[in-house]
1. At 7 Å along Cα-to-Cβ for each site, give me the label-to-label distance between ASN88 and LEU13 in nm.
2. Take peptides 16-23, 40-47 and line them up by average Cβ neighbours within 10 Å, highest first, as a rough protection proxy.
3. Need one number: nm distance between label points at ALA99 and GLN114, each 7 Å from Cα along Cα→Cβ, rounded to one decimal.
4. Can you give me the accessible area per residue for the stretch 5-114, using a 1.4 Å probe, in Å²?
Amino acid sequence: MDTLLRRGPVTPLGSFRSGLRTGSGLAAASFLLAISFGALSQSQSWGPVAPVVCSLIVFSGSAQFAMVATLGAGGDALAAVLAAALVNIRYIPMGIAIARDLQGGRLRRALEGQAVVDGSWAAAHLGGGRFDRSLLFGATLVQWLSWVGGTAIGVAVAPDPELLYTLGLDVLTPALFAVLLIDELKRAREGWLSAGIGAGVAGVLIAVVPAGPALVAGPGAAALVTLARTDRTGRIAQEATL
């Protein structure tokens, strides 16, 4: 309860507005990267419609850039989809963690689960394994609009895809995620072990395997540690009530 009070508004509308404010910073970075994605898709002759539809449905920068990279390297559509799926595999443990805070039947919960994206998921965490679903929706909505709008502008204007990298703007999203991670670790000290193991696994593997598998394995290891600790905590609590 103390954690909930510290996080601000307790009404769903207040939390939603808080999510809009929280997501606006991530949306600014997403907007710039979306322009880059739109421009890059034009350099590979995607046409004007496919990139925008992709951003509307997929809404994942890492997955969409993986698709572009795979197709640009000569891969077919199946390989591109597989690459995107492997990058997005991190959403499985994230979805499991937030599932009990979603509402309704299976269909509604599945629809609400589409709002789970990296920055929103971290911002909506209240501590103790609980999440503010209204804040999640607000943070994701503003990012989704920014991502789709940026893609459309990138398609229409088609600037040099390397422009953002030349200006150094490609570090904005990782920097914002780092700020969210630091804030999360300050509020939940038990997350240090999971974060440390995940970073260690990714750091070791990236020296011997491509970046993609290493970045998938890192969060996977962190998720396993978190699930193991949660299970152990649950057993201890259950034993204490006996």
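The values are calculated or read from the model by the stated rules, or taken from the named source; none is laboratory data. This is a predicted model, so every value here is computed, not measured. No Cβ is skipped: glycine too gets one built from the backbone with ideal geometry, and neighbour counts run over all protein chains shown. We work out accessible area using only protein heavy atoms, side chains counted, and drop any ligands, DNA or RNA first. Shrake-Rupley method; radii C 1.70, N 1.55, O 1.52, S 1.80 Å.
1. 3.4 nm
2. Values: 16-23: 20.5, 40-47: 16.6.
Averaged packing, sorted descending, gives the order 16-23, 40-47.
3. 2.0 nm
4. 54 Å²
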